[in-house]
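Submitted below is the structure of interest, expressed as structure tokens.
The values are calculated or read from the model by the stated rules, or taken from the named source; none is laboratory data. What you see is a predicted model; the values in this text were computed from it and never measured. Here the Cβ positions follow ideal geometry from the backbone for every residue, glycine too, while neighbour counts run over all protein chains shown.
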Amino acid sequence: MDGKRDVVERLAERRRRLAAAGVETEGFRLVDGEGDGMPGLWVEVLGRHWMVQRKDAGLPRDWAGLVEEGICDSLWLKQLSKEAKEAPVCVAGAGPEVFVISEQGMRLEVQPGAGYSCGVFLDQRDNRRRVREAVVKQPGARVLNLFSYTCSFSVAAALGGAVVTSVDLNAGYLAWGKRNFALNGLDAEAHHWVKGDSFDWLAAFAKRGRLFDGVVLDPPTFSRGIKKKVFRVEEDYAELAALAAAVIAPGGWLLACANTHRMELGAFEWAVRDGLGRAGKRAVGGMEAVGMPVDFPGVAHLKALWVRGVE
Ligand SMILES: C[S@@+](CC[C@H](N)C(=O)[O-])C[C@H]1O[C@@H](n2cnc3c(N)ncnc32)[C@H](O)[C@@H]1O
């Protein structure tokens with residue numbers, strides 16, 4: 001997909017695919033590497049601004065012209081190298097540092113030049129909708145969003161009527177989360193914000209007998225917590241799931257996610273089941289694995305399990 005016509009055709013194809021799936025969003029994946037026959041290239045549309053992640057140097061041929069043609073307003077490039085994942089830079093057009101995109105009735109702040117990520121993980125879009133739908137059926141639900149980052153899951157839960165507790169190590173991301181609440185007309189003061197280690201806080205909640213009707217567990221693949229405790233998704237998920245299961249109120253749900261290609265779905269399911277067992281719980285309502293959104297035809301790196309009726 002080098003030329004402008006290919007890009008325009010692909011854009012139309014993606015929009016058709018999303019519309020057919022009933023998805024209304026300004027943020028979607030336009031190119032998903034091998035899944036779209038383009039290994040080493042990943043492109044995300046964020047409203048009028050596009051994020052290109054590429055293993056080869058520079059933009060694909062002719063792409064700078066996309067801005068002049070009015071197909072998008074700016075192109076950001078994140079060069080992926082083995083040595084370092086560099087922060088994206090604006091390589092065409094006038095890219096604003098901060099803007100807002102809408103996704104299924106939510107508004108979310110995006111910062112394309114932010115080092116770690118732009119603020120929204122698009123592959124979790126369907127799960128954000130599912131969280132919102134789940135809490136709509138549970139008036140006054142208490143939801144715990146661990147590793148909350150910019151709190152997009154928290155916004156989804158709060159829009160569904162839940163009272164949300166968001167936990168993250170990084171105060172800057174929680175502040176971003178509060179801005180996301182404001183963008184959606186939600187009163188941040190009516191919710192709980194915890195800067196700290198998810199492991200420590202899960203233990204503290206259990207000790208205090210604080211329970212939640214739903215827990216979102218979507219950690220990074222690797223983390224070093226406050227007490228320098230190292231978490232590796234492949235080795236430590238069962239322990240994390242056990243801590244989370246311990247704070248789920250009878251009949252509550254857990255959304256357990258892991259973003260790694262190093263763990264097969266079967267191994268991940270086993271870890272979550274093991275965690276429930278360690279906490280003396282089981283999923284009376286069953287466990288359902290959900291797939292990647294329709295705009296992610298490439299490698300299914302995200303594993304997501306809905307665990308229902310935790311008793
Ligand atoms: C992969 S992101 C989580 C994505 C998020 N669930 C979402 O849907 O946007 C990782 C986040 O976990 C936070 N984090 C990493 N280790 C942590 C820990 N031990 N306790 C709490 N937050 C942690 C990071 O600061 C970062 O915001």
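Looking only at region 215-236, decide whether some residue is crowded, with 18+ Cβ neighbours inside 10 Å, among the aliphatic types (A, V, I, L, M) and over 20 Å from residue 127 (Cα atoms).
No: zero hits.
While we're looking at this one, here's another question. Given the criteria surrounded by fewer than 21 Cβ atoms within 10 Å (Cβ to Cβ), near the ligand (Cβ under 9 Å from one of its atoms) and either at positive phi or not in a helix (DSSP H, G or I) (or both), does residue 148 qualify? Steps first, answer last, please.
Details: surrounded by fewer than 21 Cβ atoms within 10 Å (Cβ to Cβ): no; near the ligand (Cβ under 9 Å from one of its atoms): yes; either at positive phi or not in a helix (DSSP H, G or I) (or both): yes.
So residue 148 fails the test.
Follow-up. Among the candidates 148, 152, 223, 198, single out the residue that is small (Gly, Ala, Ser) and in contact with a Gly (Cβ under 7 Å, 6 or more places away or on another chain). So that I can check it myself, show each step before the final result.
Details: 152 fails: in contact with a Gly (Cβ under 7 Å, 6 or more places away or on another chain); 223 fails: in contact with a Gly (Cβ under 7 Å, 6 or more places away or on another chain); 198 fails: in contact with a Gly (Cβ under 7 Å, 6 or more places away or on another chain).
That would be 148, the only listed residue that is small (Gly, Ala, Ser) and in contact with a Gly (Cβ under 7 Å, 6 or more places away or on another chain).
When residues of region 270-311 are filtered for being assigned to a strand (DSSP E or B), of a type in the set (Phe, Trp, Tyr) and closer than 30 Å to residue 38 by Cα, how many remain? Spell out the reasoning first.
Start the filter on region 270-311 by keeping residues that are assigned to a strand (DSSP E or B), which leaves 283, 287-290, 302-310.
If we keep only those that are of a type in the set (Phe, Trp, Tyr) too, we end up with 306.
This time we only want the ones that are closer than 30 Å to residue 38 by Cα, so: none.
Residues in region 270-311 being assigned to a strand (DSSP E or B), of a type in the set (Phe, Trp, Tyr) and closer than 30 Å to residue 38 by Cα: 0 in total.
Moving on to the next point. I'd like the residue in region 119-132 that is out of contact with any Ser or Thr (no Cβ under 9 Å at 6 or more places or on another chain) and either at pLDDT below 95 or closer than 24 Å to residue 52 by Cβ (or both) and, out of all such residues, is surrounded by the most Cβ atoms within 10 Å (Cβ to Cβ).
Filtering first and then ranking leaves 123.
Ok, one more. Tally up the residues in region 222-233 that are β-branched (Val, Ile, Thr) and in contact (Cβ under 8 Å) with a residue 12 or more places away in the chain, please. I'd like the intermediate steps shown before the answer.
Quick first cut of region 222-233, residues β-branched (Val, Ile, Thr) only: 226, 230, 233.
Adding the requirement that they be in contact (Cβ under 8 Å) with a residue 12 or more places away in the chain leaves 226, 233.
So the answer is 2.
Scan region 205-221 residue by residue and report those that are in contact (Cβ under 8 Å) with a residue 24 or more places away in the chain and of a type in the set (Lys, Arg).
210 - this is the single residue of region 205-221 that is in contact (Cβ under 8 Å) with a residue 24 or more places away in the chain and of a type in the set (Lys, Arg).
Now a separate question. Part of a strand (DSSP E or B) and of a type outside the set (Phe, Trp, Tyr), is that true of residue 57?
Numbers: part of a strand (DSSP E or B): no; of a type outside the set (Phe, Trp, Tyr): yes.
Spelling it out, it is not the case that residue 57 is part of a strand (DSSP E or B) and of a type outside the set (Phe, Trp, Tyr).
Among the residues of region 72-99, count how many are part of a loop (DSSP other than H, G, I, E, B) and within 16 Å of the ligand (Cβ to nearest atom).
Narrowing region 72-99 to residues part of a loop (DSSP other than H, G, I, E, B): 72-73, 81-84, 86-88, 94-98.
Then drop every residue that is not within 16 Å of the ligand (Cβ to nearest atom), which leaves 87.
Adding up the residues that qualify gives 1.
For region 1-44, what are the residues that are in a helix (DSSP H, G or I), crowded, with 18+ Cβ neighbours inside 10 Å and among the basic types (Lys, Arg)?
14
Taking the options 102, 117, name whichever one is of a type in the set (Ser, Thr, Tyr), within 16 Å of the ligand (Cβ to nearest atom) and under 30 Å from residue 260 (Cβ atoms). Give the steps one after another, and end with the answer.
Numbers: 102 fails: within 16 Å of the ligand (Cβ to nearest atom).
Within the list 102, 117, the selection yields 117.
Tell me yes or no: at least one residue of region 10-22 is more than 28 Å from residue 152 (Cα to Cα), free of Cβ contacts under 8 Å to residues at least 24 places away in the same chain and not assigned by TED's automatic domain parsing to the domain that holds residue 296.
Step one: of region 10-22, the residues more than 28 Å from residue 152 (Cα to Cα) are none.
Looking through region 10-22, none of the residues is more than 28 Å from residue 152 (Cα to Cα), free of Cβ contacts under 8 Å to residues at least 24 places away in the same chain and not assigned by TED's automatic domain parsing to the domain that holds residue 296.
Answer with yes or no whether residue 290 is more than 14 Å from residue 202 (Cβ to Cβ), of a type in the set (Val, Ile, Thr) and surrounded by fewer than 14 Cβ atoms within 10 Å (Cβ to Cβ). Let's see the steps before the verdict.
Values: more than 14 Å from residue 202 (Cβ to Cβ): yes; of a type in the set (Val, Ile, Thr): yes; surrounded by fewer than 14 Cβ atoms within 10 Å (Cβ to Cβ): no.
Against the criterion (more than 14 Å from residue 202 (Cβ to Cβ), of a type in the set (Val, Ile, Thr) and surrounded by fewer than 14 Cβ atoms within 10 Å (Cβ to Cβ)), residue 290 does not qualify.
Considering only region 171-195, how many residues are more than 17 Å from residue 147 (Cβ to Cβ) and over 19 Å from the mean Cα position of the chain (by Cα)?
Final tally of qualifying residues: 7.
May I pose another question? When residue 135 is evaluated against the numbered criteria (1) surrounded by fewer than 22 Cβ atoms within 10 Å (Cβ to Cβ); (2) touching a residue at least 60 places away in the same chain (Cβ under 8 Å); (3) more than 15 Å from residue 217 (Cα to Cα), which criterion, by number, is the only one it fails?
(1)
Criterion first (of a type in the set (Gly, Ala, Ser), within 17 Å of residue 104 (Cα to Cα) and more than 9 Å from the ligand (Cβ to nearest atom)) does residue 171 satisfy it? Show your work before the answer.
Working: of a type in the set (Gly, Ala, Ser): yes; within 17 Å of residue 104 (Cα to Cα): no; more than 9 Å from the ligand (Cβ to nearest atom): yes.
No.
Same structure, new question: From the list 182, 203, 157, 175, pick out the single residue that is among the aliphatic types (A, V, I, L, M), assigned to a helix (DSSP H, G or I), buried (at least 16 other Cβ atoms within 10 Å of the Cβ) and in the same structural domain as residue 250 (by TED's automatic domain parsing). Full working, then the answer.
Details: 182 fails: buried (at least 16 other Cβ atoms within 10 Å of the Cβ); 203 fails: buried (at least 16 other Cβ atoms within 10 Å of the Cβ); 175 fails: buried (at least 16 other Cβ atoms within 10 Å of the Cβ).
One residue alone meets the criteria, 157.
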